[in-house]
Amino acid sequence: MGWKAAEKIIKHWKILRGDNVMIIRGKDKGETGIIKRVIRSQNRVIVEGKNLVKKHIKQGQGHEGGIFSIESPLHVSNVQVLDPATGKPCKIGYKYLEDGSKVRVSRGLAASGTVIPRPEILKERRKPRPNIVGPKDTAIDLVLDKTYDAKTGIGMPDL
């Protein structure tokens, strides 16, 4: 099973990493789990602890070989987000609140119309920003130094 790009890539994703979802098709139908990873190039998601397949790994330098169970990706159409109020699978819609913020709401037949909060895990970055100053980085005091002011004419070149 190699890498395969999707024929028609979904542009606007409504399912996010960290969402609580129910699998609606496949061998784990009816089970719930949390989305571990979203693979946008393939229109697939990996649900934590679900859709397990056996993988035969050959022994190599620094790691042992054997038969391991790994989580296989599911197509995004085979999972649905759970409604936080009813606990049933529902579709996702968007709505603007009175303060102007855009939120996800549950919609569909068994949906309650409640707000689906953004997962807390999205506030953390996968790869932390580097905070070590390198040799090619400009010092912060030089960045904040004002070298040109149009009103007073400071920093104007001699023409």
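Coordinate-derived values only; no laboratory data. From a predicted model like this one, the values you see are computed outputs, not experimental measurements. Positions of Cβ are generated from backbone atoms using ideal geometry, with glycine treated the same way; all protein chains shown enter the neighbour counts.
Here's how it looks for ASP83: its modeled amide H is under 5 Å from those of LYS88, CYS90, which are all 5 or more places away or on a different chain. Helical content of the chain, expressed as a calculated mean residue ellipticity at 222 nm, amounts to -500 deg cm²/dmol (DSSP H runs of 4 or more residues, -39,500 (n - 2.57) each, divided by residue number, nearest 500).
Near VAL105, the amide H atoms lying under 5 Å from its own belong to GLY93, TYR94, LYS95, ILE116; only residues 5 or more places off or on other chains count, and H is placed 1.01 Å from N.
Ranked by the mean number of other Cβ atoms within 10 Å of their residues, highest first, the peptides 57-65, 109-117, 16-24 fall in the order 16-24, 109-117, 57-65.
From the Kirkwood radius over Cα pairs of segment 68-142, Stokes-Einstein at 4 °C and 1.567 mPa s returns a whole-number translational diffusion coefficient of 78 µm²/s. Scalar couplings 3J(HN,Hα) for segment 36-49, obtained by applying the Karplus form with A = 6.51, B = -1.76, C = 1.60 to θ = phi - 60°, are 8, 8, 10, 10, 5, 5, 10, 6, 10, 10, 10, 9, 4, x Hz; x denotes Gly and Pro. By the rule of a C-alpha distance below 19 Å, with chain neighbours fewer than 8 residues away ignored, the lysines paired with LYS14 are LYS36, LYS88, LYS91, LYS95, LYS102, LYS123.
Taking amide hydrogens as placed 1.01 Å from N in the peptide plane, the amide H of ARG37 sits under 5 Å from those of ILE46, each at least 5 positions away in sequence or on another chain.
A crude spin-label estimate for the pair ILE154 and HIS56, with each label 7 Å from Cα along the Cβ direction, gives 7.4 nm. With the largest listed first and rounded to whole Å, the semi-axes of the equivalent ellipsoid of the chain from the Cα gyration tensor are 43, 29, 14.
Annotation for LYS146 and VAL133: the two label points, set 7 Å from Cα along the Cα-Cβ direction, are 2.3 nm apart.
With R₀ fixed at 35 Å, the C-beta to C-beta distance from GLU120 to PHE68 puts the FRET efficiency at about 0.75.
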